[in-house]
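Contents: one structure, followed by commentary.
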Amino acid sequence: MDYSRPVDAELFPEGCERCSLTKFTGWMTFLGLIFLWGLYAAVRVLSFGLGETGMDDYFGFGLWITFDLAVIALGAGAFFTGALRYILNIDELKNIVNLAAVIGFLCYTGAMLILVLDIGQPIRCWFGYWYPNVHSMLTEVIFCITCYCIVLILEFVPLILENRQLMKKRFIHALAHNFHVYMPIFAGIGAFLSTFHQGSLGGMYGVLFGRPYLFREGFFIWPWTFFLFVLSAVASGPMFTVLICALIEKMSGRKLVSWEVKQLMAKIAATMLLVYTVFKCLDSWYWATDTLIGEGLTFDQMFHGWIYGKWLFWLEHLCLIIPRTVLLCKGLRAKAPIMYSMMFLTCTSIVLNRYLLTVQGL
């Protein structure tokens, strides 16, 4: 026996080394404090009600809904990367698709936990399934998020089964292999479910004709916000995955994914960002110059003070236009600090968008 190795070294993947105890303890302490902060907030909400989040009869949502929708959008890298890898057969993404699945799993389970707080009384969490409001887009959101969370769990299971010790068992080895065989089906189902629930989250706000900041016209039964939410998630999800990958590499001091794969993800995401930016700017222009005027309102009336000021609207669009321009230039994209900065700006824009369409819009 090699006593120089950790006791549980046999559980590690080949070539994987443990980081120092000091670094591990430091980061776990930091993450533990964040977890305790969230646990404290959850106890307060479940003990004293949703009024703790600033909700009242005028504001139908608390600030938490912004983070809920933002996490769902940024976690979309899982379904989009999975679709690119398993359906479009882009083999270069095989080294990052597992990380994307883990990030998506954490984002969506986190969103489900926030929804537990959202309903106020977790004991009635089954009401949405047993007594669905067939006229509400939120019903579609509930079912799609739940089903997609199950798909993410199925995509996450092979990562556990591929443990070196577990793979020695013939049944588990065969099960893990078959999971990979049918992974294109899971990826396709995940892409379908995620597309519709991302869109329904946007459509849920776009149909609120009593809220002029939110109301949009659209195509058939879907307002334009339905399609904008899908495009924004597809554009920002892969960027968030790359940012998390870079952060983990910085924290652990170990390389997870090659620079070429990150460049490919940035190129694909930049292309989707171009599409989203064009339609987003057209939507904003039409809303300000036609939809609002049709309601007898003006652009200036939609904003007030500093917290709800116009600067947020312009910052959201600026954080789209600049990254789109920079990331489409190969020379600029090849520089790591610039690429990561532009990805961070894009994710910031998406979070701002969710804030403006939830808290600001109300």
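Observations
- Residue match in the stretch 343-355 (condition: in a helix (DSSP H, G or I), closer than 15 Å to V242 by Cα, within 22 Å of the chain's Cα centre (by Cα) and free of Cβ contacts under 8 Å to residues at least 60 places away in the same chain): yes
- Residue in the stretch 74-84 that is part of a helix (DSSP H, G or I), among the aromatic types (F, W, Y) and crowded, with 20+ Cβ neighbours inside 10 Å present: yes
- Some residue of the stretch 37-60 being among the charged types (D, E, K, R), crowded, with 20+ Cβ neighbours inside 10 Å and in a helix (DSSP H, G or I): no
Rundown of residues vs (1) out of contact with any Asp or Glu (no Cβ under 9 Å at 6 or more places or on another chain); (2) surrounded by fewer than 16 Cβ atoms within 10 Å (Cβ to Cβ); (3) in contact (Cβ under 8 Å) with a residue 40 or more places away in the chain; (4) under 26 Å from G188 (Cα atoms), yes/no style:
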{"site": "A100", "(1), (2), (3), (4)": "yes, no, yes, yes"}
{"site": "Y108", "(1), (2), (3), (4)": "yes, no, yes, yes"}
{"site": "A111", "(1), (2), (3), (4)": "no, no, yes, yes"}
{"site": "I114", "(1), (2), (3), (4)": "no, no, yes, no"}
{"site": "Q121", "(1), (2), (3), (4)": "yes, yes, no, no"}
{"site": "G128", "(1), (2), (3), (4)": "yes, no, no, yes"}
{"site": "V134", "(1), (2), (3), (4)": "yes, yes, no, yes"}
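Table: residues versus (1) touching a residue at least 12 places away in the same chain (Cβ under 8 Å); (2) surrounded by 15 or more Cβ atoms within 10 Å (Cβ to Cβ); (3) among the aliphatic types (A, V, I, L, M).
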| site | (1), (2), (3) |
| --- | --- |
| Y213 | yes, yes, no |
| L228 | yes, yes, yes |
| P238 | yes, yes, no |
| C245 | yes, yes, no |
| K250 | no, no, no |
| W285 | no, no, no |
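- Close pairs from the stretch 66-78: first farther than 13 Å from L201 by Cα and in contact (Cβ under 8 Å) with a residue 60 or more places away in the chain, partner hydroxyl-bearing (S, T, Y) and crowded, with 23+ Cβ neighbours inside 10 Å, Cβ under 6 Å, at least 6 apart: L74/S236; G75/Y108; G77/T241
- Any hit, the stretch 191-203, residues being without any contact (Cβ under 8 Å) to a residue 24 or more places away in the chain, assigned to a helix (DSSP H, G or I) and in contact with an Asp or Glu (Cβ under 9 Å, 6 or more places away or on another chain): no
- When every residue of the stretch 288-300 is checked against the conditions, at least one turns out to be closer than 26 Å to Q360 by Cβ, without any contact (Cβ under 8 Å) to a residue 40 or more places away in the chain, touching a helix residue (DSSP H, G or I) at 6+ places or on another chain (Cβ under 9 Å) and loosely packed, with under 12 Cβ neighbours inside 10 Å.
- Of the candidates F30, F79, F35, the single residue that is touching a helix residue (DSSP H, G or I) at 6+ places or on another chain (Cβ under 8 Å) and of a type in the set (F, W, Y) is F79.
- Test for Q301: is it in a helix (DSSP H, G or I) and within 23 Å of I338 (Cβ to Cβ): no
- Checking each residue in the stretch 215-226 for being in a helix (DSSP H, G or I) and either among the aliphatic types (A, V, I, L, M) or surrounded by fewer than 22 Cβ atoms within 10 Å (Cβ to Cβ) (or both) picks out only W224.
- Residue identified as more than 27 Å from A83 (Cα to Cα), in a helix (DSSP H, G or I), in contact with a helix residue (DSSP H, G or I) (Cβ under 7 Å, 6 or more places away or on another chain) and not hydroxyl-bearing (S, T, Y) among L273, L264, L243, L312: L312
- Summed over the stretch 246-275, residues that are over 13 Å from L93 (Cα atoms) and either touching a strand residue (DSSP E or B) at 6+ places or on another chain (Cβ under 9 Å) or not aliphatic (A, V, I, L, M) (or both) total 7.
Yes/no matrix, rows are residues, columns are (1) more than 15 Å from H197 (Cβ to Cβ); (2) acidic (D, E); (3) within 13 Å of the chain's Cα centre (by Cα):
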position: L69; (1), (2), (3): no, no, yes
position: V97; (1), (2), (3): yes, no, no
position: I103; (1), (2), (3): yes, no, yes
position: C107; (1), (2), (3): no, no, yes
position: M112; (1), (2), (3): no, no, yes
position: I119; (1), (2), (3): yes, no, no
position: W126; (1), (2), (3): yes, no, no
position: W130; (1), (2), (3): yes, no, no
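- The requirement of being more than 30 Å from E295 (Cβ to Cβ), surrounded by fewer than 15 Cβ atoms within 10 Å (Cβ to Cβ), in contact with a Leu (Cβ under 8 Å, 6 or more places away or on another chain) and at pLDDT 80 or above is fulfilled somewhere in the stretch 148-162, by at least one residue.
The values are calculated or read from the model by the stated rules, or taken from the named source; none is laboratory data. Small disclaimer: the values here were computed from a predicted structure and weren't measured. Please note: Cβ atoms are built from the backbone with ideal geometry, for glycine as well, and neighbour counts cover all protein chains shown.
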